[in-house]
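*Asks:* This is the structure I want to talk about, given as structure tokens.
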Amino acid sequence: MPTLTGTVLLAQGGVYEIETPEGTVEASLRGRLKREERTGDKVVVGDVVDLGRGSGSGGEAWTIERVHDRRSVLARRAPGKAPRAKVIVANVDQVLIVFAAARPDPHLRMLDRFLVIAEAAELRPLIVVNKTDVEGEPAARALFAPYERAGYRVIYTAARQGVGVDALRDAICGRVSALARPSGVGKSSLLNVVQPGLGLRVSAVSEAVNKGRHTTVSAQLIPLECGGYVADTPGLREVGLWEVDLDQLHFYFPEFAALIDDCRFSSCTHIHEPGCAVRAAADSGELNASRYDSYRRMMLGEDED
């Protein structure tokens, strides 16, 4: 019988930091679990686990005896040639997708891939545009207007000035949110303002390459004083789609919904068929050209860059 049940806050080097009703403890993975087949990583941040006592060099040590079924996962394709899943975090309610308005310039095709991953996982995506003070909020709003027109909620923030922080705090309190973002978008600064005293390390953006340095090296589930958690993850240089059914891809672009029924063919891929309402809308400017290009690239399996 398990002695404790808790939530994994940090997984690093085979050691797991787990929040339990009796406090935070460290545990290792039981040998039997290491040998079990499991989709993605065996234990990730956000997993609910049962703990038991095992023998360790310092006496009785905590071991993870069982991993509870996951109610949701955020996963991407693991880097490398062999296709496999990289589960980023488990048991989350929404995905907080953070991009900078400038410095570094936003990679919108990467944002589109994050949105598809969230939609495919049936997780609510929330776009946060930080550093609106660099070029001005009107410029940021104009750049991200296609996402608001598509139906996504976008929160505009400037961490140093405290702009948008109250709206962001209201959106994440009481929920389990996974952070998805590239490096250098000011994520640590934002979280430090949302929860003063958190003390996450902040790093400058390289002027030479206009990319941020990684300040997070391992995924971590951060308890919020207002309730809920934020799963902080390392910044991503590439975002590979995993287990996204291309036949369903158009459903993950919500602005396509009003157009699909007007296509000539019910099996339209919206790439090359005649009488495609989606392509016509993209050609006329009714549909954002950049968003349609992202869709086309994903359908054709082209690299995101």
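Rule-based calculations on the coordinates, nothing more; no lab input. Note that this is a predicted model, so its numbers are computed, not measured. We place every Cβ from the backbone using ideal geometry, glycine too, and count neighbours over all the protein chains shown.
*Asks:* Per 0.36 nm of contour for each residue apart, how much would the distance between Arg149 and Asp105 grow if the chain were fully extended, relative to their Cα-Cα spacing? Intermediate results must be reported in sequence, preceding the final value.
*Replies:* On the way: separation 44, 0.36 × 44 = 15.84 nm, distance 2.11 nm.
Gain on extension, Arg149 to Asp105, equals 13.7 nm.
*Asks:* Give me the net charge for the shell around Leu96: Cβ to Cβ below 15 angstrom, other residues only, Lys and Arg +1, Asp and Glu -1.
*Replies:* +2
*Asks:* Can you figure out the FRET efficiency of Thr3 with Arg71, using R₀ = 22 Å and their beta-carbon distance, to the nearest 0.05? Please report the intermediate quantities before stating the final value.
*Replies:* Working: r = 24 Å, r/R0 = 1.07.
Calculated value: 0.40.
*Asks:* While we're looking at this one, here's another question. For the range 127-166, just say rounded, prolate or oblate: build the C-alpha gyration tensor, square-root its eigenvalues into a ≥ b ≥ c, call rounded for a/c under 1.5, and beyond that prolate if a/b exceeds b/c, oblate if not.
*Replies:* Details: a/c = 3.32, a/b = 1.52, b/c = 2.18.
It is oblate, given that a/c is not under 1.5 and a/b is not larger than b/c.
*Asks:* Separate question: Short version: ³J(HN,Hα) in whole Hz for each residue of the range 137-149, in order, from phi by Karplus 6.51 cos²θ - 1.76 cosθ + 1.60 (θ = phi - 60°), x for Gly and Pro, what are they?
*Replies:* Once θ is set to phi - 60°, the couplings for the range 137-149 become 5, x, 5, 5, 5, 5, 5, 9, 4, x, 6, 5, 5 Hz.
*Asks:* Between Asp247 and Arg141, what is the spin-label point distance in nm, taking each point 7 Å from the Cα along the Cα→C-beta axis?
*Replies:* 4.3
*Asks:* Rounded, prolate or oblate: which fits the range 147-192 when a ≥ b ≥ c are the square roots of the eigenvalues of the alpha-carbon gyration tensor, with rounded for a/c under 1.5 and prolate only if a/b beats b/c? Each step should come with its number before you reach the end.
*Replies:* Working: a/c = 1.30, a/b = 1.23, b/c = 1.06.
Taking the square roots of the gyration eigenvalues as a ≥ b ≥ c, the range 147-192 is rounded.
*Asks:* Let me ask something else about it. Suppose the chain between Arg297 and Val25 were pulled fully straight at 0.36 nm per residue; how much longer would it get relative to their current alpha carbon spacing?
*Replies:* On the way: separation 272, 0.36 × 272 = 97.92 nm, distance 4.52 nm.
The span from Arg297 to Val25 would gain 93.4 nm if fully extended.
*Asks:* Still on this structure, please answer the following. Need the full-extension length gain, Arg53 to Ile260, defined as separation in residues times 0.36 nm minus the C-alpha distance. One decimal, nm. Please list the in-between numbers first.
*Replies:* Values: separation 207, 0.36 × 207 = 74.52 nm, distance 5.63 nm.
Stretched out fully, the Arg53 to Ile260 stretch lengthens by 68.9 nm.
*Asks:* I would also like to ask the following. Taking a ≥ b ≥ c as the square roots of the eigenvalues of the Cα gyration tensor of the range 246-300, is the shape rounded (a/c under 1.5), prolate (a/b larger than b/c) or oblate? If you can, show how the numbers build up before the last one.
*Replies:* Working: a/c = 1.31, a/b = 1.04, b/c = 1.26.
It is rounded, given that a/c, with a ≥ b ≥ c, falls under 1.5.
*Asks:* Note down the nm distance, to one decimal, between modelled labels 7 Å out along Cα→Cβ at Val15 and at Val134.
*Replies:* It is 3.6 nm.
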